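*Asks:* Here it is, the structure in full.
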Amino acid sequence: MSDPLALTPKPADPSPSPVRTWPEALRLYLQPASLRMLALGFAAGLPLLLVLGTLSFRLREAGIDRSTIGYLSWVGLAYGVKWVWAPLVDRMPIPWLTRRLGRRRSWLLLSQIVIAGGLLGMALNDPSQLLGPLVACALLVAVASATQDIALDAYRIESAEVNAQAALAASYLTGYRLAMIWAGAGVLWIAAFAQGEQATGYAQAAWQAAYMVMALSMLPGMLVVLGSSEPVPAPFAPARNLAEWLQAAVIEPFADFWLRYRWQALLLLALIALYRISDVVMGIMANPFYVDMGFTKTEVANVTKVYGVIMTLVGALVGGVLSARLGVMHVLMLGAVLSAASNLLFAWLSGVGHDVQALVWVISADNMASGIASAAFIAYLSSLTNISYSATQYALLSSMMLLLPKFIAGFSGDFVDAYGYAQFFTATAWLGLPVLLLVALASRVHANTPSRLPPRT
């Protein structure tokens, strides 16, 4: 049997992929493409906390005021607007590099090199002395990281058939979550070790060592890119002028989605915009909730940041296997039900109070539900893209899924102040009900999505 995840072009086949047996579904995780996606997922997940969560810890320890730290969190907006330059990543070659590595791998390698360089700059600059250079390096890392996400999503989508996308998504999420543990807990462990257990206060040398290790941690991803194969590119006719290039690189990818799905595109976009709303809105108040319930920082770190991530990984693997065996839409519905229902456990926990054992059970259920939903959702987004415009279309869809939930989540503190935690968590569960209807309706939507569009003449 040939490798179902081999990096070869997939022929146009409107019929669904055959349903696999349980052993075949499990073997997907041992295929070379899944293992490659595990390493690339680690490279994708590493920069996020280093320019957001971990950086805010470092800045506060260096004496930077909370207001400034809040403004600097806008560096993360690069991830939300990556669709703006996604057409460039989708179409524009990189001089010298693209000829040797191909379109996807050249952008992956370039972005990884810039990320490593930016992290090295963050290591060498002391925010307690001069903040500007460190912020500039953090912005560089965020933009390069978002660019890596664009290229990596396209690489993943073009690397396997639709029925194998859930396994690739699960492998990607596994690597991503492991990187978040390393960039979250790991960087603090390294800084503490370098500073000494008895030392207190800010020590630039300790943070410098930690961020240098993080920069070196990008090396495995680079090696995987260099050692991997390039998917066969979709044929593109050369543009004769700027207007023609914009038509092909910017307008056509968005027009293609509407032409394939027509009025049903509104239904699909509504599902994308709302699918994670229960998780995202609830998540904003999770950490304040732990504090108000009397959980210590150590308890929260051990249960939610380490154990919780492990449970998310388990959920992602389960979601990938179930999607390969039962189909993405069935698992998408299951993920929506579990994500909404798990929020009710937080409402129950608000009545229990400070109970670590209860917190473990709640985190177990919530993070496993999140992993299942994430694996199915990524596979679903992948199935909606046309492989000829995979980078642009996936970047738009994946950015869009957080815009409305993030906006609504901004009012979550006001809701808690007015009605309390129990009512808030219950309300976030109710937010998931429209998602169930949208999944049911979207499961009836079909489009003739060719694996390659003919080149323009």
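*Asks:* Tell me the label-point distance for the pair Ser443, Val306, using the 7 Å Cα-to-Cβ offset, in nm and rounded to one decimal.
*Replies:* Label at Ser443, label at Val306, 4.0 nm between them.
*Asks:* So what's the Cα pair-distance distribution over the stretch 304-445, bin width 5 Å, in %?
*Replies:* All Cα pairs, binned at 5 Å, distribute as 2, 10, 15, 19, 21, 16, 9, 5, 2, 1, 0 percent.
*Asks:* So for the stretch 70-153, Kirkwood radius off the Cα pairs, Stokes-Einstein at 10 °C and 1.306 mPa s: how many µm² s⁻¹?
*Replies:* For the chosen part, D equals 117 µm²/s.
Readers should treat all values here as calculations from the given coordinates under stated rules, not as data from a laboratory. Nothing here was measured: the structure is a model prediction, and the numbers come from that model. Neighbour counts run over all protein chains shown; Cβ positions are idealised from the backbone, glycine included.
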